[in-house]
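The values are calculated or read from the model by the stated rules, or taken from the named source; none is laboratory data. Keep in mind the model is a prediction, meaning the values are calculated, not measured. Quick reminder, even Gly has a Cβ in these numbers, built from the backbone with ideal geometry, and neighbours come from all protein chains shown.
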Amino acid sequence: MPSARQEARLFLVPLIFLCAVCIIVLFMWFWTWPVVLPLLALAIGLTAFVTYFFRDPDRAVPADPAIIVSAADGLVVNVDEYDEPDFHLGPMLRIAVFLSVFDVHVNRSPVQGLVNSTVYKAGQFLDVRHPESSTRNECRSWRIETLHGPVAVRQIAGLVARRIVAWAGEGSALAKGERFGMIRFGSRTEVFLPIGCTPLVKPGDRVEGAATPIARWPGAS
């Protein structure tokens, strides 16, 4: 399966090449220092940021089968009842997480299950804190079939995020906490769960993908 490291190479290779060219120019033509030094500093800074942004730490996934985990790192911005918009699953418990450019952007499956369908929708690139970003922005949605019923996950592009990357596909069997894709440079991830699930987080909470329990299946003690 593709990885964050492979995504990072798309940016790191040209940046490292630019750094090498700047260093060569500095050593060969000293009079270019006033122009090339700032360019080299910018290239080094961008290289450091890209390396940081595409980090993908391993996480300890809760073993309790009753626990549903966060699909993303970031700040919980919504815990509410909301009509699932892409697979027409009706009213569901929605837990939405805002990812800043400083959060890990790898998305992970909140549950164990089989990807029944995935849908991509083109759209706008509103700031994901905008109340209409959930319905108007570019997004990719995943329907995951579980023993407890269907679960949906939406990856929503934002003002800066312009690329949703899918690593899994229809028919993929996902373990709880398994990586299935990422969103580049600031975004929003929404998890839709059956109404009977008990939320374990509230708006304002910080969560980590695959590690933080966000809800419990119905009937679980």
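Residues checked against (1) at pLDDT 85 or above; (2) surrounded by fewer than 24 Cβ atoms within 10 Å (Cβ to Cβ):
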| residue | (1), (2) |
| --- | --- |
| Glu138 | no, yes |
| Trp142 | yes, no |
| Thr146 | yes, yes |
| Ala157 | no, no |
| Ala161 | no, yes |
| Ala168 | yes, yes |
Options Ile214, Ile195; residue that is touching a residue at least 24 places away in the same chain (Cβ under 8 Å), within 21 Å of Glu145 (Cα to Cα) and either in contact with a helix residue (DSSP H, G or I) (Cβ under 8 Å, 6 or more places away or on another chain) or surrounded by 21 or more Cβ atoms within 10 Å (Cβ to Cβ) (or both): Ile214
Unmet criterion (only one of (1) in contact with a helix residue (DSSP H, G or I) (Cβ under 9 Å, 6 or more places away or on another chain); (2) surrounded by fewer than 16 Cβ atoms within 10 Å (Cβ to Cβ); (3) not aromatic (Phe, Trp, Tyr); (4) not assigned by TED's automatic domain parsing to the domain that holds Ala173) for Val101: (4)
Test: residue in the range 108-119 that is surrounded by 15 or more Cβ atoms within 10 Å (Cβ to Cβ), assigned by TED's automatic domain parsing to the domain that holds Gly169 and at pLDDT below 90: no
Any pair with Cβ under 7 angstrom, 6 or more apart, that starts in the range 77-100 at a residue that is more than 13 Å from Pro194 (Cα to Cα) and ends at one that is surrounded by 15 or more Cβ atoms within 10 Å (Cβ to Cβ) and of a type in the set (Asp, Glu): Ala96/Glu190; Leu99/Asp73
Complete set of residues in the range 168-187 that are farther than 19 Å from Leu89 by Cβ and assigned to a strand (DSSP E or B): Ala173, Arg179, Gly181, Met182, Ile183, Ser187
Residue within the range 80-96 that is closer than 30 Å to Val13 by Cα and either modelled with pLDDT of 95 or more or outside any loop (DSSP other than H, G, I, E, B) (or both) present: no
Qualifying position, being on the phi < 0 side of the Ramachandran plot and crowded, with 16+ Cβ neighbours inside 10 Å, among Ile23, Ile67, Ile16: Ile67
